[in-house]
1. Those residues that are away from the ligand (no atom under 16 Å from the Cβ) and surrounded by fewer than 22 Cβ atoms within 10 Å (Cβ to Cβ), I need them from the range 60-76; list them, please.
2. Residues being within 16 Å of the ligand (Cβ to nearest atom), more than 18 Å from I78 (Cβ to Cβ) and surrounded by 14 or more Cβ atoms within 10 Å (Cβ to Cβ): count how many of those fall in the range 8-59.
3. Look through S88, S72, S50 and report the one residue that is in contact (Cβ under 8 Å) with a residue 24 or more places away in the chain and of a type in the set (S, T, N, Q).
4. Identify all residues within the range 1-40 that are β-branched (V, I, T) and at pLDDT 95 or above; write none if there are none.
5. Among the candidates R106, R81, R43, R21, single out the residue that is touching a residue at least 40 places away in the same chain (Cβ under 8 Å), of a type in the set (D, E, K, R) and within 18 Å of L121 (Cβ to Cβ).
6. When only residues in the range 107-128 that are at pLDDT below 90 and assigned to a helix (DSSP H, G or I) count, which is farthest from the ligand (Cβ to nearest atom)?
7. Scan the range 98-120 and tell me whether some residue there is crowded, with 16+ Cβ neighbours inside 10 Å and in contact with a His (Cβ under 9 Å, 6 or more places away or on another chain).
Amino acid sequence: MTDNDLYREHILDHYGHPRNRGHLDDPDIVADADEPSCGDQVRLELAVNSDGRVQQVAFEGEGCMISMASASILTEHIEGRSLDELKSLTEDDMLALVDAPVGSSRRRCALLPLKVLQSGLRMHSERG
Ligand code: ZN
């Protein structure tokens, strides 16, 4: 098995069986964004508990395999984490989570879910 097969299996698994796909009943944070150059759209919904931790997370979206797999991977990563931890999540962290040799063209697809998360966190903290 080559590295490329591994990459495909990891991405295909999340793409074919997305985790946390859907909507929450009463989300505290809702954000979306798109990547026009590829046509990807991602929407994230987060329910935050009184300790400032992500209690539940869901995503919806459409787009290429990398963007959808990346959204699924991100939801698995952020569940149970504090908003402060999520604010410090970097692009490098996100690319490490996706764990695929994304070229420059697919890099924006892999980072789109992070962009959505960051915009949601920003709106949430501005609201106080
Ligand atoms: Zn894409």
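The values are calculated or read from the model by the stated rules, or taken from the named source; none is laboratory data. Model, not experiment: these values are computed from the prediction. With ideal geometry, Cβ positions are generated from the backbone for all residues, glycine too; neighbour counts draw on all protein chains shown.
1. E76
2. Qualifying residue count, the range 8-59: 8.
3. Values: S88 fails: in contact (Cβ under 8 Å) with a residue 24 or more places away in the chain; S50 fails: in contact (Cβ under 8 Å) with a residue 24 or more places away in the chain.
After applying the criteria, what remains is S72.
4. Pass one, the range 1-40, residues β-branched (V, I, T): 2, 11, 29-30.
I29, V30, listed by residue number.
5. Just one listed residue meets the conditions, R43.
6. Ranking the candidates gives R127 first.
7. yes
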